[in-house]
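Trainee: Below is a structure I'd like to ask you about.
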Amino acid sequence: MKRLDYYWYARSPWLVLLTPLSLLYRVVISLRRSFYRTGVFRGTRVPLPVIVVGNITVGGTGKTPLVAWLAAHLRGKGYRPGIISRGYGGGASNWPQQVRPDSDPAAVGDEAVLLATTTRCPMAVAPDRVAAASALIEHSDCDVILSDDGLQHYALQRDIEIAVIDGVRRFGTGFLIPAGPLREPASRLQTVDLVVVNGLGGEGEHPMSMKQGDAHSLLDPDRVCPLSDFHYQTVHAVAAIGNPERFFRSLRQAGLQLQTHTFPDHHPFQPADIRFGDGRPVLMTEKDAVKCRHFAVDSDWYVPVEARMSDDFCACLDALLDTRLPHRG
(Lines give C-alpha, C1' and ligand atoms only; values in the text may rest on other atoms or scores of the structure.)
Protein backbone atom coordinates (compact mmCIF):
# COMPACT_ATOMS: atom_id res chain seq x y z
CA MET A 1 0.00 0.00 0.00
CA LYS A 2 1.40 3.38 -1.02
CA ARG A 3 1.91 6.10 1.56
CA LEU A 4 -0.35 9.16 1.46
CA ASP A 5 2.57 11.39 0.44
CA TYR A 6 2.87 9.39 -2.79
CA TYR A 7 -0.57 10.66 -3.82
CA TRP A 8 0.24 14.22 -2.71
CA TYR A 9 3.20 14.47 -5.03
CA ALA A 10 1.60 12.41 -7.81
CA ARG A 11 -1.30 14.91 -7.62
CA SER A 12 -3.88 12.15 -7.62
CA PRO A 13 -7.37 13.40 -8.61
CA TRP A 14 -9.14 11.55 -5.79
CA LEU A 15 -7.51 13.87 -3.23
CA VAL A 16 -10.16 16.44 -4.15
CA LEU A 17 -12.46 14.44 -1.87
CA LEU A 18 -10.33 15.56 1.08
CA THR A 19 -10.40 19.27 0.26
CA PRO A 20 -13.26 20.05 2.72
CA LEU A 21 -11.05 18.76 5.53
CA SER A 22 -8.14 20.82 4.18
CA LEU A 23 -10.30 23.94 4.21
CA LEU A 24 -11.32 23.24 7.80
CA TYR A 25 -7.66 22.72 8.74
CA ARG A 26 -6.79 26.03 7.07
CA VAL A 27 -9.40 27.87 9.13
CA VAL A 28 -8.07 26.35 12.37
CA ILE A 29 -4.41 27.16 11.73
CA SER A 30 -5.24 30.66 10.46
CA LEU A 31 -7.18 31.42 13.61
CA ARG A 32 -4.39 30.02 15.76
CA ARG A 33 -1.72 32.14 14.08
CA SER A 34 -3.97 35.20 14.25
CA PHE A 35 -4.47 34.66 17.99
CA TYR A 36 -0.71 34.65 18.52
CA ARG A 37 -0.23 37.76 16.38
CA THR A 38 -2.93 39.70 18.23
CA GLY A 39 -1.96 38.55 21.72
CA VAL A 40 -4.98 36.35 22.44
CA PHE A 41 -2.44 33.54 22.79
CA ARG A 42 0.81 34.73 24.30
CA GLY A 43 4.15 33.45 23.08
CA THR A 44 7.12 33.18 25.43
CA ARG A 45 10.36 35.09 24.95
CA VAL A 46 13.26 33.13 26.46
CA PRO A 47 16.41 34.99 27.60
CA LEU A 48 18.47 33.94 24.55
CA PRO A 49 17.97 34.65 20.85
CA VAL A 50 16.20 31.89 18.91
CA ILE A 51 16.69 30.78 15.31
CA VAL A 52 13.97 28.46 14.02
CA VAL A 53 14.65 26.14 11.09
CA GLY A 54 11.49 24.48 9.84
CA ASN A 55 9.32 23.70 6.87
CA ILE A 56 5.75 24.18 5.74
CA THR A 57 5.30 20.65 4.41
CA VAL A 58 5.01 17.24 5.99
CA GLY A 59 8.02 15.01 5.42
CA GLY A 60 11.74 15.46 4.99
CA THR A 61 13.17 18.53 3.31
CA GLY A 62 16.75 18.49 4.62
CA LYS A 63 16.37 20.85 7.56
CA THR A 64 18.39 18.68 9.96
CA PRO A 65 21.60 18.90 7.86
CA LEU A 66 21.00 22.63 7.64
CA VAL A 67 20.75 22.88 11.43
CA ALA A 68 24.11 21.08 11.68
CA TRP A 69 25.59 23.52 9.15
CA LEU A 70 24.19 26.49 11.08
CA ALA A 71 25.66 25.22 14.33
CA ALA A 72 29.13 25.13 12.75
CA HIS A 73 28.63 28.53 11.14
CA LEU A 74 27.54 30.11 14.42
CA ARG A 75 30.57 28.68 16.17
CA GLY A 76 32.72 30.26 13.48
CA LYS A 77 31.08 33.59 14.26
CA GLY A 78 31.94 33.31 17.95
CA TYR A 79 28.59 32.04 19.26
CA ARG A 80 27.96 29.04 21.50
CA PRO A 81 24.89 27.43 19.92
CA GLY A 82 22.55 25.01 21.62
CA ILE A 83 19.86 23.01 19.87
CA ILE A 84 16.27 22.15 20.74
CA SER A 85 13.71 19.96 19.00
CA ARG A 86 10.48 18.17 19.69
CA GLY A 87 12.20 14.81 20.08
CA TYR A 88 9.84 13.26 17.56
CA GLY A 89 9.68 9.48 17.86
CA GLY A 90 11.05 9.56 21.40
CA GLY A 91 9.08 7.80 24.10
CA ALA A 92 10.56 9.33 27.25
CA SER A 93 8.25 9.26 30.25
CA ASN A 94 9.02 12.85 31.18
CA TRP A 95 10.15 15.97 29.37
CA PRO A 96 12.32 17.90 28.70
CA GLN A 97 15.27 15.57 28.10
CA GLN A 98 18.92 16.48 27.66
CA VAL A 99 20.43 14.77 24.62
CA ARG A 100 23.97 13.43 24.24
CA PRO A 101 25.59 11.32 21.51
CA ASP A 102 25.06 8.21 23.65
CA SER A 103 21.39 8.95 24.40
CA ASP A 104 18.79 6.34 23.52
CA PRO A 105 16.98 7.38 20.32
CA ALA A 106 13.94 5.40 21.50
CA ALA A 107 13.68 7.87 24.39
CA VAL A 108 14.64 11.20 22.80
CA GLY A 109 14.22 10.66 19.05
CA ASP A 110 16.58 9.68 16.24
CA GLU A 111 17.11 13.16 14.77
CA ALA A 112 18.01 14.52 18.20
CA VAL A 113 20.71 11.89 18.75
CA LEU A 114 22.00 12.49 15.22
CA LEU A 115 22.33 16.25 15.83
CA ALA A 116 23.94 15.78 19.23
CA THR A 117 26.44 13.40 17.62
CA THR A 118 27.30 15.45 14.55
CA THR A 119 27.35 18.93 16.14
CA ARG A 120 28.54 18.15 19.71
CA CYS A 121 26.28 21.02 20.78
CA PRO A 122 24.27 20.94 24.01
CA MET A 123 20.75 19.82 23.17
CA ALA A 124 17.37 19.46 24.83
CA VAL A 125 14.12 18.05 23.50
CA ALA A 126 10.47 18.32 24.49
CA PRO A 127 7.11 18.61 22.74
CA ASP A 128 6.94 22.04 24.43
CA ARG A 129 9.77 23.99 22.78
CA VAL A 130 9.67 26.65 25.53
CA ALA A 131 10.35 23.95 28.12
CA ALA A 132 13.17 22.55 25.97
CA ALA A 133 14.73 26.00 25.56
CA SER A 134 14.46 26.73 29.29
CA ALA A 135 16.12 23.42 30.16
CA LEU A 136 18.90 24.09 27.66
CA ILE A 137 19.55 27.52 29.14
CA GLU A 138 19.60 26.10 32.66
CA HIS A 139 22.00 23.25 31.93
CA SER A 140 24.42 24.72 29.37
CA ASP A 141 26.39 27.85 28.58
CA CYS A 142 24.92 28.35 25.11
CA ASP A 143 24.19 31.91 24.00
CA VAL A 144 21.95 31.24 20.99
CA ILE A 145 19.29 28.57 20.43
CA LEU A 146 18.72 26.68 17.19
CA SER A 147 15.30 25.07 16.94
CA ASP A 148 15.20 22.05 14.65
CA ASP A 149 11.66 22.31 13.31
CA GLY A 150 9.08 24.35 15.20
CA LEU A 151 8.16 26.89 12.52
CA GLN A 152 4.52 26.38 13.54
CA HIS A 153 5.29 26.28 17.30
CA TYR A 154 4.33 29.91 17.91
CA ALA A 155 4.42 29.53 21.69
CA LEU A 156 8.18 30.08 21.40
CA GLN A 157 9.03 33.54 20.12
CA ARG A 158 11.90 33.70 17.67
CA ASP A 159 14.38 36.19 16.23
CA ILE A 160 15.09 34.55 12.87
CA GLU A 161 12.98 32.14 10.83
CA ILE A 162 14.44 29.90 8.11
CA ALA A 163 12.15 27.70 6.00
CA VAL A 164 13.43 24.72 4.01
CA ILE A 165 11.60 23.28 1.02
CA ASP A 166 12.27 20.30 -1.23
CA GLY A 167 13.43 21.52 -4.62
CA VAL A 168 12.05 18.48 -6.43
CA ARG A 169 8.73 17.81 -4.70
CA ARG A 170 7.99 21.45 -3.80
CA PHE A 171 4.36 21.63 -2.52
CA GLY A 172 2.74 18.64 -4.24
CA THR A 173 -0.96 19.31 -4.80
CA GLY A 174 -0.63 22.72 -3.20
CA PHE A 175 -3.33 21.84 -0.67
CA LEU A 176 -3.07 21.75 3.09
CA ILE A 177 -3.28 18.52 5.09
CA PRO A 178 -4.90 16.05 4.39
CA ALA A 179 -5.47 16.80 0.67
CA GLY A 180 -1.85 17.88 0.34
CA PRO A 181 1.44 18.06 2.22
CA LEU A 182 1.22 21.68 3.42
CA ARG A 183 1.22 22.44 7.13
CA GLU A 184 0.64 26.11 6.34
CA PRO A 185 -0.24 27.94 3.12
CA ALA A 186 2.67 28.56 0.75
CA SER A 187 2.16 32.29 1.40
CA ARG A 188 3.74 31.67 4.82
CA LEU A 189 7.12 31.72 3.06
CA GLN A 190 6.67 35.44 2.45
CA THR A 191 6.92 36.07 6.20
CA VAL A 192 10.09 34.11 7.01
CA ASP A 193 13.55 35.65 6.88
CA LEU A 194 15.24 33.12 4.59
CA VAL A 195 13.90 30.42 2.25
CA VAL A 196 16.29 27.55 1.58
CA VAL A 197 15.67 25.04 -1.21
CA ASN A 198 17.17 21.57 -1.04
CA GLY A 199 18.16 21.60 -4.69
CA LEU A 200 17.85 24.38 -7.23
CA GLY A 201 16.02 27.42 -5.92
CA GLY A 202 14.00 30.05 -7.68
CA GLU A 203 13.92 33.80 -7.25
CA GLY A 204 14.35 34.81 -3.63
CA GLU A 205 15.32 31.27 -2.62
CA HIS A 206 18.73 30.05 -1.49
CA PRO A 207 19.90 26.72 -2.94
CA MET A 208 21.30 24.07 -0.62
CA SER A 209 23.31 21.15 -1.92
CA MET A 210 24.19 17.96 -0.11
CA LYS A 211 27.69 16.53 -0.17
CA GLN A 212 27.51 12.78 0.18
CA GLY A 213 30.28 11.23 2.22
CA ASP A 214 31.93 7.82 2.12
CA ALA A 215 30.29 4.87 3.83
CA HIS A 216 31.06 4.43 7.53
CA SER A 217 30.83 1.15 9.40
CA LEU A 218 28.15 1.05 12.09
CA LEU A 219 30.43 -1.12 14.20
CA ASP A 220 33.38 1.27 13.89
CA PRO A 221 32.59 4.75 12.45
CA ASP A 222 36.33 5.32 11.93
CA ARG A 223 36.28 2.51 9.38
CA VAL A 224 35.49 4.30 6.11
CA CYS A 225 34.86 2.86 2.67
CA PRO A 226 34.34 4.79 -0.59
CA LEU A 227 31.01 4.08 -2.26
CA SER A 228 32.85 2.90 -5.36
CA ASP A 229 33.89 -0.18 -3.38
CA PHE A 230 30.26 -1.35 -3.45
CA HIS A 231 29.96 -1.32 -7.25
CA TYR A 232 30.70 -5.02 -7.55
CA GLN A 233 27.31 -6.19 -6.25
CA THR A 234 23.77 -5.17 -5.48
CA VAL A 235 23.45 -3.65 -2.00
CA HIS A 236 20.50 -3.30 0.33
CA ALA A 237 19.51 0.35 0.77
CA VAL A 238 17.41 0.99 3.89
CA ALA A 239 15.65 4.25 4.71
CA ALA A 240 13.14 5.37 7.33
CA ILE A 241 13.15 9.09 6.55
CA GLY A 242 10.64 11.62 5.28
CA ASN A 243 11.79 11.36 1.66
CA PRO A 244 13.55 7.99 1.21
CA GLU A 245 13.73 8.33 -2.57
CA ARG A 246 16.23 11.17 -2.18
CA PHE A 247 18.61 8.80 -0.38
CA PHE A 248 18.10 6.02 -2.93
CA ARG A 249 18.61 8.46 -5.81
CA SER A 250 21.90 9.68 -4.35
CA LEU A 251 23.21 6.11 -4.10
CA ARG A 252 22.19 5.35 -7.66
CA GLN A 253 23.94 8.51 -8.82
CA ALA A 254 27.07 7.18 -7.09
CA GLY A 255 26.85 4.12 -9.34
CA LEU A 256 25.35 1.60 -6.92
CA GLN A 257 22.85 -1.12 -7.77
CA LEU A 258 20.16 -1.20 -5.10
CA GLN A 259 17.55 -3.39 -3.54
CA THR A 260 15.55 -0.78 -1.66
CA HIS A 261 13.71 -1.17 1.66
CA THR A 262 11.47 1.70 2.76
CA PHE A 263 10.12 2.12 6.29
CA PRO A 264 7.95 4.83 7.86
CA ASP A 265 9.77 7.95 9.03
CA HIS A 266 11.31 7.46 12.51
CA HIS A 267 10.73 3.69 12.31
CA PRO A 268 12.01 1.89 15.45
CA PHE A 269 14.36 -0.57 13.78
CA GLN A 270 14.73 -4.14 14.97
CA PRO A 271 17.52 -6.52 13.85
CA ALA A 272 15.15 -8.43 11.55
CA ASP A 273 14.44 -5.22 9.59
CA ILE A 274 17.97 -5.11 8.19
CA ARG A 275 18.83 -8.81 7.98
CA PHE A 276 18.17 -10.16 4.50
CA GLY A 277 19.97 -13.49 4.66
CA ASP A 278 22.28 -12.99 1.70
CA GLY A 279 25.36 -11.38 3.27
CA ARG A 280 25.16 -8.32 1.03
CA PRO A 281 26.13 -4.90 2.41
CA VAL A 282 23.37 -2.84 3.99
CA LEU A 283 23.57 0.92 3.49
CA MET A 284 21.42 3.37 5.43
CA THR A 285 21.22 7.03 6.37
CA GLU A 286 23.08 8.39 9.36
CA LYS A 287 19.73 9.15 11.00
CA ASP A 288 18.72 5.49 10.77
CA ALA A 289 22.15 4.34 11.89
CA VAL A 290 21.74 5.81 15.38
CA LYS A 291 18.88 3.34 15.92
CA CYS A 292 20.73 0.32 14.53
CA ARG A 293 24.23 0.71 15.92
CA HIS A 294 23.62 -1.40 19.06
CA PHE A 295 22.79 -4.49 16.97
CA ALA A 296 24.99 -3.77 13.94
CA VAL A 297 27.11 -6.37 12.18
CA ASP A 298 30.14 -6.05 9.93
CA SER A 299 28.08 -5.59 6.74
CA ASP A 300 26.12 -2.57 8.04
CA TRP A 301 27.11 0.90 6.79
CA TYR A 302 25.75 4.43 6.92
CA VAL A 303 26.26 7.21 4.40
CA PRO A 304 26.44 10.72 5.91
CA VAL A 305 25.49 13.90 4.08
CA GLU A 306 26.66 17.44 4.70
CA ALA A 307 24.81 20.62 3.74
CA ARG A 308 26.60 23.11 1.52
CA MET A 309 25.37 26.71 1.38
CA SER A 310 26.07 29.50 -1.08
CA ASP A 311 28.10 32.62 -0.35
CA ASP A 312 24.95 34.66 -0.91
CA PHE A 313 23.12 32.74 1.81
CA CYS A 314 26.05 33.24 4.19
CA ALA A 315 26.02 36.97 3.53
CA CYS A 316 22.26 37.24 4.10
CA LEU A 317 22.45 35.14 7.27
CA ASP A 318 25.38 37.12 8.65
CA ALA A 319 23.50 40.37 8.05
CA LEU A 320 20.59 39.01 10.08
CA LEU A 321 22.90 37.84 12.84
CA ASP A 322 24.56 41.25 13.03
CA THR A 323 21.26 43.10 13.30
CA ARG A 324 19.20 40.76 15.48
CA LEU A 325 21.65 38.84 17.66
CA PRO A 326 24.29 40.08 20.07
CA HIS A 327 27.56 40.74 18.26
CA ARG A 328 30.51 38.45 18.87
CA GLY A 329 33.90 40.09 18.36
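Trainee: In terms of modelled amide H atoms, which long-range or inter-chain residues lie less than 5 Å from the amide H of Phe41?
Mentor: HN-HN under 5 Å from Phe41: Tyr36.
Trainee: Further, regarding this structure: Please sort 209-215, 119-125, 306-312 by packing, taking for each peptide the average over its residues of neighbouring beta carbons within 10 angstrom, highest first.
Mentor: Top to bottom by mean Cβ count within 10 Å: 119-125, 209-215, 306-312.
Trainee: Hey, another quick one. Give me the percent of Cα-Cα pairs in the chain that sit more than 31 Å apart, rounded to a whole number.
Mentor: Numbers: 17922 of 53956 pairs.
Tail of P(r) above 31 Å: 33 percent of Cα pairs.
Trainee: In whole percent, and with a 1.4 Å probe on the protein chains, what portion of the accessible area of the chain is carbon and sulfur?
Mentor: Carbon and sulfur atoms account for 54 percent of the accessible area of the chain.
Trainee: Something else now. Need the C-alpha centroid separation for segment 148-168 versus segment 12-37, integer Å.
Mentor: 19 Å
Trainee: Whole-Hz Karplus ³J(HN,Hα) for segment 37-47, in order, using 6.51 cos²θ - 1.76 cosθ + 1.60 and θ = phi - 60°, x for Gly and Pro?
Mentor: Whole-Hz 3J(HN,Hα) from phi for segment 37-47: 5, 8, x, 4, 9, 9, x, 10, 9, 7, x.
Trainee: Separate question: Per residue, how much accessible area does segment 1-135 have with a 1.4 Å probe, in Å²?
Mentor: Heavy-atom accessible area per residue stands at 49 Å².
Trainee: Taking amide hydrogens as modeled 1.01 Å from N in the peptide plane, which residues meet the under 5 Å criterion relative to His267, leaving out close sequence neighbours?
Mentor: Those lying under 5 Å, H to H, from His267: there are none.
Trainee: May I pose another question? Kindly rank 48-56, 24-32 from highest to lowest mean number of other beta carbons found within 10 Å of each residue.
Mentor: Result, highest mean Cβ count within 10 Å first: 48-56, 24-32.
Trainee: Can you work out the Karplus-derived ³J(HN,Hα) for every residue in segment 113-129? Use 6.51 cos²θ - 1.76 cosθ + 1.60 with θ = phi - 60°, whole Hz, and x for glycine or proline.
Mentor: Taking θ as phi minus 60°, the curve returns 5, 4, 5, 4, 6, 7, 9, 6, 8, x, 8, 9, 10, 5, x, 8, 5 Hz for segment 113-129.
Trainee: Calculate, for segment 145-192, the solvent-accessible area per residue in square angstrom, rolling a 1.4 angstrom probe over the heavy atoms of the protein chains.
Mentor: 29 Å²
Trainee: Now for a separate question. ³J(HN,Hα) across segment 173-181 via Karplus (A = 6.51, B = -1.76, C = 1.60, θ = phi - 60°), whole Hz, x for Gly/Pro?
Mentor: Rounded to whole hertz, the list is 5, x, 9, 7, 3, x, 7, x, x.
Trainee: Another question, then. Please compute the net charge surrounding Val195, taking Lys and Arg as +1 and Asp and Glu as -1 over other residues with Cβ under 14 Å from its Cβ. List each step's numbers first, then the result.
Mentor: Numbers: positive: Lys63, Arg170, Arg188; negative: Glu161, Asp166, Glu184, Asp193, Glu203, Glu205, Asp312.
In short, -4.
Trainee: Between Arg252 and Arg26, what FRET efficiency comes out of the Förster formula 1/(1 + (r/R0)^6) with R0 = 22 Å and r the beta carbon distance, rounded to 0.05?
Mentor: Plugging the Cβ-Cβ distance into 1/(1 + (r/R0)^6) gives 0.05.
The values are calculated or read from the model by the stated rules, or taken from the named source; none is laboratory data. Quick caveat, the model's predicted, so the values are computed rather than measured. So basically every Cβ, Gly included, is an ideal-geometry build from the backbone, and we count neighbours across all protein chains shown. SASA here: full protein model, heavy atoms, side chains in, ligands and nucleic acids out. Shrake-Rupley method; radii C 1.70, N 1.55, O 1.52, S 1.80 Å.
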